[in-house]
Structures are given as C-alpha cells and as structure tokens.
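A.B. asks: The structure under discussion is supplied below as structure tokens; questions concerning it will follow.
Computed from the coordinates by the stated procedures, all read-outs in this text should not be read as laboratory data. Note that the structure is predicted; figures quoted are calculated from it, not measured. So basically every Cβ, Gly included, is an ideal-geometry build from the backbone, and we count neighbours across all protein chains shown.
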Amino acid sequence: MQHDVRIRRAHAPDVPELMAICAEHADFERLPHVPGERAAALADALDGDTPRLMAWLACIGDAVVGYASATVDFSTLDRVSYLHMDCLYVRAPWRNHAIGRQLWEHVIAHASAQRCASVQWQTPAWNDGAARFYRRLGANEHAKLRYVLPLDGA
C-alpha cells in the first residue's frame, strides 16, 4: 500500500510530538530516558538565536511516523566539517515503507548544503535491521566504543 509521506523540518511547536517519538526511540534502543525533561532546551536547539539542531519529521496525514536529527561538527583529525546524525527512527508499523530512506535523503541534502565531508552516526551493535539498512545506503562501519560521562547540572 502506498502512503503519502511528507518530510518536514521540526520546529519548537513540534517539541511535544518530537519528545514522544524520542521516548519511543529510547525505549527501542534500551536507553535510559526521562520523558518530559528539557523541552525548553530542545525547542531552543531547534529554533533559538543560534539553532544547533536540525530535525525532520516524517508525517502521514497528521501522524508523525518517524524522525531524524543531526548537528554539524568538526573533525580535528580530518580537519573537515561532518554531519553527526544523532537519530533516525521509524515507528515499527511504518518500517519497510521507504520512510527511513526519505529521512536519510533529507539528512544527506542538509549535509551537502553545509558542505560536510561525511555523515557519521552510531547504532546499537544488536540492531541488525539498522545495520542492514545503513549498509544498503553504502555506509561503512567503524568499530569504536562510545563513552558517556554525565556532568552535574546538565
């Protein structure tokens, strides 16, 4: 069945829906997540004086069925800008309908517009479906350990 998927940029008024799908994504990835915290920080990152986050929502009608988000970063070792794709998630009933690919195309278009040399991201090692998807896109995986050090007051 063909669905009319619309991909649009997320803005501050979208924060409640974005936070809901982020919580679902965190549950899927088995990550600790406190729902409802830091909504104002997310809104500011999307639309503040200096927006730091790009996010896209995949919508069918009024329903958000997926999202992607990214920031531009700089690699000291490579001496180039790259796009860090923080999230790409499609709700389970909508997987395998090319929605992830459509979100991906918006991520790539933004990276190109920002003159980034590459797109980088991570996915849990156990997420075989995501790994297959990314390999089909032509991505190469690099084994690394990811560390997180929580800071007081963040």
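A.B. asks: Let me make sure I get this right: for segment 11-76, a, b and c are the square roots of the gyration tensor eigenvalues over alpha carbons, sorted descending. Under 1.5 in a/c it's rounded, otherwise prolate if a/b > b/c, else oblate. Which is it?
C.D. replies: Numbers: a/c = 1.45, a/b = 1.24, b/c = 1.17.
The shape class here is rounded.
A.B. asks: Return the single residue from Asp86, Asp14, Asp128 with maximal mean-square fluctuation; model: Gaussian network over the chain, springs between Cα atoms under 10 Å.
C.D. replies: Asp128
A.B. asks: A follow-up question, please. How many angstrom lie between the Cα centre of segment 93-148 and the Cα centre of segment 1-55?
C.D. replies: Taking the Cα centre of segment 1-55 as reference, the centre of segment 93-148 is 17 Å away.
A.B. asks: Further, regarding this structure: Could you identify which residue out of Glu105, Glu24, Glu37 has the top mean-square fluctuation in a GNM of the chain using Cα springs shorter than 10 Å?
C.D. replies: In this elastic network of the chain, the residue with the biggest mean-square fluctuation among Glu105, Glu24, Glu37 is Glu37.
A.B. asks: Could you work out how far apart the two model spin labels at Asp62 and Ala143 are, taking each label as a point 7 Å from the Cα in the direction of the beta carbon, and quote it in nm?
C.D. replies: Between Asp62 and Ala143, the label points sit 4.9 nm apart.
A.B. asks: So, one more: Quick check on the chain: take the gyration tensor over C-alpha atoms, sort the square-rooted eigenvalues as a ≥ b ≥ c, and tell me if it's rounded (a/c under 1.5), prolate or oblate.
C.D. replies: Rounded.
A.B. asks: Here is a further query. Name the shape class, rounded, prolate or oblate, that the alpha-carbon gyration tensor gives for segment 107-154, where a ≥ b ≥ c are the square roots of its eigenvalues, rounded holds for a/c under 1.5, and otherwise prolate holds if a/b is larger than b/c and oblate otherwise.
C.D. replies: oblate
A.B. asks: How long is the gain from Leu151 to Ala39 if the chain were fully straight, where each residue apart is worth 0.36 nm and the alpha carbon distance is subtracted?
C.D. replies: 38.4 nm
A.B. asks: Estimate the FRET efficiency between Asn127 and Asp49 by the formula 1/(1 + (r/R0)^6), using the beta-carbon distance for r and 25 Å for R0, to the nearest 0.05.
C.D. replies: 0.10
A.B. asks: If you build a Gaussian network model of the chain, linking Cα atoms that sit under 10 Å apart, which residue out of Arg30, Arg115, Arg101 swings the most?
C.D. replies: Judging by the Gaussian network model, the answer is Arg30.
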